[in-house]
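What follows is one structure encoded as structure tokens, with my remarks underneath.
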Amino acid sequence: MTKLAGWTSLGLVAGCAAALGLAGCDSQKTKHTIGFSQCTVKEPWRVLFNQRLTEAAANHPEVRLITLDADDKTEEQVAQVRTFIRQKVDAILISPKEAPGLTPVVEEATAAGIPVILLDRGVNTDQYASFIGGDNMEIGRAAGREAVRLLGGAGKAAGLIYEICGGLASPPAQERRDGFHEIVEAEPGISVIGGLDADWKKDRAQTITQDALKTHPDIKLVYAHNDPMAHGAYLAAKAAGRADQIMFLGIDANPDEGQRWVRAGELTATFAYPTPGEKGLEVALDILAGKPVEKRYTLPTRVFTRESVERGGDPVD
Ligand code: FRU
């Protein structure tokens, strides 16, 4: 029980959590201990991600999944991965807060012989076992094509776009920005302003949009790198009496968030960004079973508009 007590003090222990309060896990039954460091649970997409992963792990009684929340702090997440390395877990799942700060510890874990599976956000090294996540360049491009359509169509599109970025030290924000710009910059009638880092947070997006609306009376469309920020911008525009004149694009399409806001006419469109936890667990178990795995698994996207939301969205073109 000593070792288990050490584990419990780390945070939420799923898998054999129910047994912990009683006699502890039967170590005979636990074949694999998998450490999972989640960068934050402040956003609903991450809560859903953890929930789905925990549910998937519950179907594997031989797995002990240790889930930790780094509370949006890089140093905390580095410390969590180092603890997993010290404890010699069998595999590490990590969804990094940002790339530069987490790269060295991912390399340390790999050097220690522990397979590292990166979920949703990558790091700046190839010293990991597998990456599972969406294609953020493609999602950015799809959002760009949607913006061009909404602003009048290729060759004719015109208007001012206000962009709100996620954490710019993370690859998804960089790629969502780059893919979008690749498309809209081909349209001479479109200009993009903004581009501030709102760290994926709704309240920050709301505040910066409030300011932008004061200086720019002509914003036609807001492109935010996730739905919470798109909705924060919508709330700012609503408070300024301008929500009806502006279109809002987001990313994630959680059923309880983005899809609901699209249905309510608050967001114009959102793009699905599936949570990668279940696939991450499957890949970890394949590695532990000695099966070959891919270096990258790309999860698909879909676009949700008011017309398509009821049928579960449409494939992107
Ligand atoms: C949650 C989140 C999602 C976004 C993803 C990108 O923390 O901001 O909204 O799609 O991370 O890594």
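For the condition at pLDDT 95 or above, within 16 Å of the ligand (Cβ to nearest atom) and in a loop (DSSP other than H, G, I, E, B), Pro274 qualifies. A Cβ distance below 9 Å, combined with a sequence gap of six or more or placement on separate chains, defines the contacts here; from the stretch 190-213, residues that are over 28 Å from Gly152 (Cα atoms) and not assigned by TED's automatic domain parsing to the domain that holds Glu98 reach residues that are hydroxyl-bearing (Ser, Thr, Tyr) and within 13 Å of the ligand (Cβ to nearest atom) in the pairs Trp200/Thr40; Trp200/Ser170.
How do the pairs read when you match residues in the stretch 256-284 that are within 17 Å of Thr301 (Cβ to Cβ) and of a type in the set (Ser, Thr, Tyr) with residues anywhere that are open to solvent by 20 Å² or more (accessible area, probe 1.4 Å) and within 10 Å of the ligand (Cβ to nearest atom), using Cβ under 6 Å and keeping only pairs 6 or more apart or on different chains? If the second residue must be open to solvent by 20 Å² or more (accessible area, probe 1.4 Å) and within 10 Å of the ligand (Cβ to nearest atom), the pairs left are Thr275/Leu48. Count of the stretch 293-304 residues, restricted to those that are of a type outside the set (Phe, Trp, Tyr) and farther than 14 Å from Ile117 by Cβ, is 5.
If only residues of the stretch 230-255 that are in contact (Cβ under 8 Å) with a residue 40 or more places away in the chain and on the phi > 0 side of the Ramachandran plot are counted, the one that is nearest to the chain's Cα centre (by Cα) is Asp252. Being small (Gly, Ala, Ser), out of contact with any strand residue (DSSP E or B) (no Cβ under 8 Å at 6 or more places or on another chain), closer than 17 Å to Tyr162 by Cα and surrounded by 16 or more Cβ atoms within 10 Å (Cβ to Cβ) is a property that Ala269 lacks. Within the stretch 153-169, if we keep just the residues that are part of a loop (DSSP other than H, G, I, E, B) and among the hydrophobic types (A, V, I, L, M, F, W, C), the residue that is least open to solvent (accessible area, probe 1.4 Å) turns out to be Ala157. Restricting attention to the stretch 159-176, does a residue exist that is within 16 Å of the ligand (Cβ to nearest atom) and aromatic (Phe, Trp, Tyr)? The answer is no, given that none of the residues of the stretch 159-176 is within 16 Å of the ligand (Cβ to nearest atom) and aromatic (Phe, Trp, Tyr). Quick check, is Asp90 charged (D, E, K, R), crowded, with 17+ Cβ neighbours inside 10 Å and modelled with pLDDT of 95 or more? Yes: the conditions hold for Asp90.
The values are calculated or read from the model by the stated rules, or taken from the named source; none is laboratory data. Being a predicted model, the structure only gives us computed values, none of them experimental. Positions of Cβ are backbone-derived with ideal geometry, glycine not excepted, and every protein chain shown enters the neighbour counts. Just so you know, the surface numbers come from the protein's heavy atoms only, side chains and all, with ligands and any DNA or RNA stripped out. Shrake-Rupley method; radii C 1.70, N 1.55, O 1.52, S 1.80 Å.
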